[in-house]
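The values are calculated or read from the model by the stated rules, or taken from the named source; none is laboratory data. Bear in mind that the values here come from a model prediction, so they are computed numbers and not experimental data. Heads up, the Cβs are rebuilt from the backbone with ideal geometry, glycines too, and the neighbour counts pull from every protein chain shown.
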Amino acid sequence: MKNNPCYFFSNLDLKSNVRFWLIFFLLTTQLHASKPLWQSKEYIKKAFFEVAYKNEYGKMKDKTGLVRWEKPIKYRIDYFNLPSPIEVAENLIQSHFQDLSDITGLSIHKNNKKPNFKIILTKKYHYKKAIKRFMFANAKDAEKLAQDTSCLVTIRTQPQGFAIRHAIVIIPVDYAMRYGFLPGCVVEELSQATGISNDSDWVNPSIANDKSVFDLLTGLDYLFLKILYDKRLNVGMTIEQSGPIIDKILLEFEKDKLIKNSFLEVKKLRMSQQLDL
(Lines give C-alpha, C1' and ligand atoms only; values in the text may rest on other atoms or scores of the structure.)
Protein backbone atom coordinates (compact mmCIF):
# COMPACT_ATOMS: atom_id res chain seq x y z
CA MET A 1 0.00 0.00 0.00
CA LYS A 2 2.52 2.52 1.20
CA ASN A 3 4.42 3.24 -1.99
CA ASN A 4 1.76 2.49 -4.57
CA PRO A 5 -0.98 4.67 -6.03
CA CYS A 6 -4.57 3.71 -5.42
CA TYR A 7 -7.17 4.23 -8.13
CA PHE A 8 -10.76 5.13 -7.41
CA PHE A 9 -13.32 5.90 -10.08
CA SER A 10 -17.00 6.09 -10.88
CA ASN A 11 -19.06 5.53 -13.99
CA LEU A 12 -21.00 8.78 -13.76
CA ASP A 13 -22.28 8.48 -17.32
CA LEU A 14 -24.22 5.32 -16.38
CA LYS A 15 -26.37 7.11 -13.84
CA SER A 16 -28.83 8.79 -16.20
CA ASN A 17 -30.54 5.54 -17.20
CA VAL A 18 -31.76 4.85 -13.67
CA ARG A 19 -32.19 8.42 -12.43
CA PHE A 20 -35.99 8.60 -12.61
CA TRP A 21 -36.74 5.29 -10.89
CA LEU A 22 -34.19 5.80 -8.14
CA ILE A 23 -35.61 9.26 -7.35
CA PHE A 24 -39.10 7.76 -7.30
CA PHE A 25 -37.97 4.97 -4.98
CA LEU A 26 -36.19 7.31 -2.58
CA LEU A 27 -39.13 9.69 -2.39
CA THR A 28 -41.72 6.98 -1.80
CA THR A 29 -39.48 5.28 0.77
CA GLN A 30 -39.13 8.48 2.76
CA LEU A 31 -42.87 9.18 2.56
CA HIS A 32 -43.68 5.81 4.13
CA ALA A 33 -40.95 5.78 6.76
CA SER A 34 -40.75 7.79 9.96
CA LYS A 35 -37.01 8.14 9.38
CA PRO A 36 -34.95 7.24 6.30
CA LEU A 37 -32.70 4.22 6.80
CA TRP A 38 -29.55 6.24 6.18
CA GLN A 39 -30.32 8.47 9.17
CA SER A 40 -29.92 5.67 11.70
CA LYS A 41 -26.67 5.71 13.67
CA GLU A 42 -26.07 2.03 12.96
CA TYR A 43 -26.37 2.53 9.20
CA ILE A 44 -24.10 5.60 9.19
CA LYS A 45 -21.41 3.76 11.16
CA LYS A 46 -21.55 0.67 8.95
CA ALA A 47 -21.52 2.80 5.79
CA PHE A 48 -18.60 4.88 7.07
CA PHE A 49 -16.55 1.74 7.62
CA GLU A 50 -17.42 0.71 4.05
CA VAL A 51 -16.27 3.93 2.38
CA ALA A 52 -13.35 4.81 4.67
CA TYR A 53 -11.78 1.43 5.41
CA LYS A 54 -12.16 -0.43 2.15
CA ASN A 55 -11.17 0.01 -1.45
CA GLU A 56 -11.81 -2.38 -4.30
CA TYR A 57 -8.78 -1.38 -6.36
CA GLY A 58 -5.05 -1.80 -6.00
CA LYS A 59 -2.86 -2.20 -2.95
CA MET A 60 -5.18 -0.43 -0.54
CA LYS A 61 -7.84 -3.14 -0.66
CA ASP A 62 -9.05 -4.03 2.84
CA LYS A 63 -6.73 -1.47 4.37
CA THR A 64 -6.66 -1.67 8.12
CA GLY A 65 -5.95 1.93 9.07
CA LEU A 66 -7.88 5.19 8.79
CA VAL A 67 -6.62 7.28 5.88
CA ARG A 68 -6.92 11.06 5.67
CA TRP A 69 -4.92 14.26 5.17
CA GLU A 70 -2.97 15.56 8.14
CA LYS A 71 -1.28 18.47 6.39
CA PRO A 72 -2.91 21.30 4.41
CA ILE A 73 -3.95 20.59 0.84
CA LYS A 74 -2.11 22.76 -1.68
CA TYR A 75 -3.67 22.30 -5.11
CA ARG A 76 -2.80 23.25 -8.65
CA ILE A 77 -4.83 22.99 -11.85
CA ASP A 78 -2.87 21.88 -14.92
CA TYR A 79 -3.97 21.57 -18.55
CA PHE A 80 -2.79 18.63 -20.61
CA ASN A 81 -3.11 19.15 -24.37
CA LEU A 82 -5.96 21.52 -23.70
CA PRO A 83 -6.07 25.33 -23.96
CA SER A 84 -6.48 27.15 -20.64
CA PRO A 85 -8.24 28.47 -18.72
CA ILE A 86 -11.65 26.79 -18.59
CA GLU A 87 -13.33 29.05 -16.08
CA VAL A 88 -16.39 26.91 -15.42
CA ALA A 89 -14.22 23.95 -14.40
CA GLU A 90 -11.87 26.07 -12.28
CA ASN A 91 -14.81 27.73 -10.51
CA LEU A 92 -16.36 24.36 -9.69
CA ILE A 93 -13.05 23.07 -8.34
CA GLN A 94 -12.51 26.16 -6.19
CA SER A 95 -16.07 26.09 -4.85
CA HIS A 96 -15.93 22.43 -3.90
CA PHE A 97 -12.55 22.72 -2.24
CA GLN A 98 -13.97 25.58 -0.16
CA ASP A 99 -16.93 23.38 0.79
CA LEU A 100 -14.62 20.52 1.76
CA SER A 101 -12.52 22.88 3.85
CA ASP A 102 -15.59 24.17 5.68
CA ILE A 103 -16.87 20.65 6.40
CA THR A 104 -13.59 19.02 7.43
CA GLY A 105 -11.63 21.92 8.90
CA LEU A 106 -8.77 21.16 6.50
CA SER A 107 -6.75 24.06 5.19
CA ILE A 108 -7.12 23.95 1.38
CA HIS A 109 -5.49 26.59 -0.81
CA LYS A 110 -4.27 27.01 -4.35
CA ASN A 111 -0.49 26.75 -4.64
CA ASN A 112 1.09 26.62 -8.08
CA LYS A 113 4.68 26.24 -6.83
CA LYS A 114 4.57 23.32 -4.40
CA PRO A 115 1.27 21.48 -4.85
CA ASN A 116 0.49 18.18 -3.18
CA PHE A 117 -2.84 17.87 -5.01
CA LYS A 118 -2.93 18.21 -8.80
CA ILE A 119 -6.02 18.41 -10.97
CA ILE A 120 -5.27 17.59 -14.60
CA LEU A 121 -7.83 18.87 -17.10
CA THR A 122 -7.60 17.32 -20.55
CA LYS A 123 -9.62 16.15 -23.55
CA LYS A 124 -11.21 12.73 -23.91
CA TYR A 125 -8.86 12.05 -26.83
CA HIS A 126 -5.85 12.51 -24.50
CA TYR A 127 -7.39 10.86 -21.42
CA LYS A 128 -5.47 7.58 -21.76
CA LYS A 129 -2.21 9.39 -22.38
CA ALA A 130 -2.79 11.59 -19.32
CA ILE A 131 -3.47 8.54 -17.12
CA LYS A 132 -0.28 6.89 -18.31
CA ARG A 133 1.81 10.02 -17.83
CA PHE A 134 0.51 11.44 -14.55
CA MET A 135 -0.54 8.26 -12.76
CA PHE A 136 2.41 6.20 -14.00
CA ALA A 137 0.10 3.47 -15.28
CA ASN A 138 1.32 0.91 -17.79
CA ALA A 139 -0.25 0.87 -21.24
CA LYS A 140 -2.70 -1.94 -20.47
CA ASP A 141 -3.95 -0.38 -17.23
CA ALA A 142 -4.19 3.05 -18.81
CA GLU A 143 -6.25 1.64 -21.67
CA LYS A 144 -8.68 -0.07 -19.29
CA LEU A 145 -9.01 2.92 -16.97
CA ALA A 146 -9.64 5.25 -19.91
CA GLN A 147 -12.40 2.96 -21.16
CA ASP A 148 -14.02 2.23 -17.80
CA THR A 149 -13.98 5.66 -16.16
CA SER A 150 -15.34 9.12 -16.75
CA CYS A 151 -12.82 10.77 -14.41
CA LEU A 152 -10.21 9.44 -12.03
CA VAL A 153 -8.33 10.05 -8.79
CA THR A 154 -5.28 8.45 -7.24
CA ILE A 155 -3.81 9.08 -3.80
CA ARG A 156 -0.52 8.22 -2.14
CA THR A 157 0.10 7.87 1.56
CA GLN A 158 3.25 8.42 3.58
CA PRO A 159 5.81 5.61 3.20
CA GLN A 160 5.38 4.49 6.81
CA GLY A 161 1.81 5.44 7.56
CA PHE A 162 -1.73 6.21 6.50
CA ALA A 163 -1.63 10.00 6.15
CA ILE A 164 -2.32 11.11 2.57
CA ARG A 165 0.60 13.02 1.13
CA HIS A 166 -0.31 13.43 -2.54
CA ALA A 167 -3.33 13.20 -4.84
CA ILE A 168 -3.97 13.51 -8.58
CA VAL A 169 -7.33 13.94 -10.31
CA ILE A 170 -7.73 13.67 -14.08
CA ILE A 171 -10.88 14.94 -15.80
CA PRO A 172 -11.55 14.83 -19.57
CA VAL A 173 -13.37 18.16 -19.49
CA ASP A 174 -14.83 18.16 -22.99
CA TYR A 175 -16.44 14.75 -22.42
CA ALA A 176 -17.66 15.66 -18.93
CA MET A 177 -19.19 18.93 -20.12
CA ARG A 178 -20.81 17.34 -23.18
CA TYR A 179 -22.69 14.78 -21.07
CA GLY A 180 -23.40 17.03 -18.08
CA PHE A 181 -21.39 15.39 -15.34
CA LEU A 182 -18.55 17.86 -14.86
CA PRO A 183 -19.92 18.88 -11.42
CA GLY A 184 -20.24 15.20 -10.51
CA CYS A 185 -16.64 14.48 -11.52
CA VAL A 186 -15.34 17.42 -9.50
CA VAL A 187 -17.37 16.57 -6.40
CA GLU A 188 -16.79 12.83 -6.42
CA GLU A 189 -13.08 12.76 -7.17
CA LEU A 190 -12.07 15.66 -4.91
CA SER A 191 -14.20 14.27 -2.07
CA GLN A 192 -12.90 10.73 -2.40
CA ALA A 193 -9.36 12.09 -2.33
CA THR A 194 -9.98 13.23 1.26
CA GLY A 195 -10.18 9.60 2.42
CA ILE A 196 -13.76 8.40 1.80
CA SER A 197 -12.38 6.47 -1.11
CA ASN A 198 -14.35 3.27 -1.55
CA ASP A 199 -17.26 2.85 -3.96
CA SER A 200 -20.16 0.72 -2.74
CA ASP A 201 -23.47 -0.20 -4.33
CA TRP A 202 -25.33 -0.43 -1.01
CA VAL A 203 -24.23 2.86 0.56
CA ASN A 204 -27.04 5.24 -0.36
CA PRO A 205 -27.67 8.12 -0.81
CA SER A 206 -24.03 8.88 -1.53
CA ILE A 207 -21.55 9.86 -4.22
CA ALA A 208 -19.77 6.63 -3.23
CA ASN A 209 -22.54 4.73 -5.02
CA ASP A 210 -21.98 4.65 -8.79
CA LYS A 211 -25.64 3.79 -9.31
CA SER A 212 -26.82 6.76 -7.27
CA VAL A 213 -28.70 9.67 -8.82
CA PHE A 214 -26.68 12.11 -6.73
CA ASP A 215 -23.80 14.01 -8.31
CA LEU A 216 -23.28 16.41 -5.38
CA LEU A 217 -22.63 15.68 -1.72
CA THR A 218 -25.56 14.16 0.11
CA GLY A 219 -26.42 14.46 3.77
CA LEU A 220 -24.81 11.07 4.32
CA ASP A 221 -21.59 12.14 2.58
CA TYR A 222 -21.56 15.26 4.74
CA LEU A 223 -21.66 13.08 7.85
CA PHE A 224 -18.87 10.83 6.51
CA LEU A 225 -16.59 13.83 6.10
CA LYS A 226 -17.43 15.23 9.53
CA ILE A 227 -16.65 11.85 11.12
CA LEU A 228 -13.43 11.29 9.17
CA TYR A 229 -11.93 14.61 10.22
CA ASP A 230 -13.11 14.59 13.82
CA LYS A 231 -10.05 15.34 15.97
CA ARG A 232 -10.80 12.40 18.25
CA LEU A 233 -9.92 10.02 15.43
CA ASN A 234 -6.30 9.45 14.46
CA VAL A 235 -4.71 8.40 11.20
CA GLY A 236 -4.03 4.68 11.14
CA MET A 237 -6.76 3.75 13.63
CA THR A 238 -8.27 0.31 13.06
CA ILE A 239 -12.02 -0.30 12.91
CA GLU A 240 -11.85 -1.72 16.43
CA GLN A 241 -10.12 1.42 17.70
CA SER A 242 -12.30 3.95 15.91
CA GLY A 243 -15.66 2.22 16.49
CA PRO A 244 -16.32 3.39 20.10
CA ILE A 245 -15.24 6.93 19.21
CA ILE A 246 -17.56 7.00 16.20
CA ASP A 247 -20.41 5.88 18.47
CA LYS A 248 -19.79 8.95 20.64
CA ILE A 249 -19.58 11.23 17.61
CA LEU A 250 -22.88 9.92 16.24
CA LEU A 251 -24.59 10.35 19.62
CA GLU A 252 -23.48 13.99 19.55
CA PHE A 253 -24.69 14.37 15.97
CA GLU A 254 -28.07 12.94 16.98
CA LYS A 255 -28.33 15.21 20.03
CA ASP A 256 -27.46 18.27 17.92
CA LYS A 257 -29.91 17.11 15.20
CA LEU A 258 -27.09 17.12 12.67
CA ILE A 259 -28.08 13.69 11.33
CA LYS A 260 -31.65 14.83 10.79
CA ASN A 261 -30.63 18.14 9.23
CA SER A 262 -27.53 17.09 7.28
CA PHE A 263 -29.46 17.11 3.99
CA LEU A 264 -30.26 20.78 4.69
CA GLU A 265 -26.61 21.55 5.42
CA VAL A 266 -25.49 20.32 1.99
CA LYS A 267 -28.03 22.61 0.33
CA LYS A 268 -26.13 25.53 1.87
CA LEU A 269 -22.85 24.49 0.24
CA ARG A 270 -21.34 26.61 -2.51
CA MET A 271 -21.71 23.90 -5.12
CA SER A 272 -25.43 23.54 -4.45
CA GLN A 273 -25.91 27.29 -4.45
CA GLN A 274 -23.81 27.72 -7.57
CA LEU A 275 -25.90 25.15 -9.43
CA ASP A 276 -29.16 26.43 -7.88
CA LEU A 277 -30.02 23.06 -6.31
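Computed quantities for the displayed model
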| read-out | value |
| --- | --- |
| Any hit, region 44-59, residues being at pLDDT 95 or above and of a type in the set (Lys, Arg) | yes |
| Residue count for region 86-112, restricted to those that are loosely packed, with under 14 Cβ neighbours inside 10 Å and either touching a Ser or Thr at 6+ places or on another chain (Cβ under 6 Å) or at pLDDT below 95 (or both) | 0 |
| Test: residue in region 162-173 that is assigned to a helix (DSSP H, G or I), under 22 Å from Ala89 (Cα atoms) and modelled with pLDDT of 95 or more | yes |
| Scope region 203-215; condition under 26 Å from Thr157 (Cβ atoms) and either in contact with a Ser or Thr (Cβ under 8 Å, 6 or more places away or on another chain) or surrounded by fewer than 21 Cβ atoms within 10 Å (Cβ to Cβ) (or both); matching residues | Ser206, Ile207, Ala208, Asn209, Asp210 |
| Members of region 177-218 that are in a helix (DSSP H, G or I) and either under 22 Å from Ile73 (Cβ atoms) or within 12 Å of the chain's Cα centre (by Cα) (or both) | Leu182, Pro183, Gly184, Cys185, Val186, Val187, Glu188, Glu189, Leu190, Ser191, Gln192 |
| Cβ pairs under 6 Å, 6+ apart, first in region 96-111 and farther than 17 Å from Glu189 by Cα and of a type in the set (Ser, Thr, Tyr), second part of a loop (DSSP other than H, G, I, E, B) and at pLDDT 95 or above | Ser107/Pro72 |
| Residue list for region 67-98, restricted to those being in a strand (DSSP E or B) and within 16 Å of the chain's Cα centre (by Cα) | Arg68, Trp69, Ile73, Tyr75 |
| Lone unmet requirement of (1) modelled with pLDDT of 95 or more; (2) surrounded by 12 or more Cβ atoms within 10 Å (Cβ to Cβ) for Leu275 | (1) |
| Yes/no for Ile108 being farther than 21 Å from Phe181 by Cβ, under 16 Å from the mean Cα position of the chain (by Cα) and β-branched (Val, Ile, Thr) | yes |
| Among residues of region 112-128, those that are touching a residue at least 24 places away in the same chain (Cβ under 8 Å), under 11 Å from Ile170 (Cα atoms) and among the basic types (Lys, Arg), counted | 3 |
| Some residue of region 245-254 being surrounded by 17 or more Cβ atoms within 10 Å (Cβ to Cβ), farther than 20 Å from Asn198 by Cβ, modelled with pLDDT of 95 or more and of a type outside the set (Val, Ile, Thr) | yes |
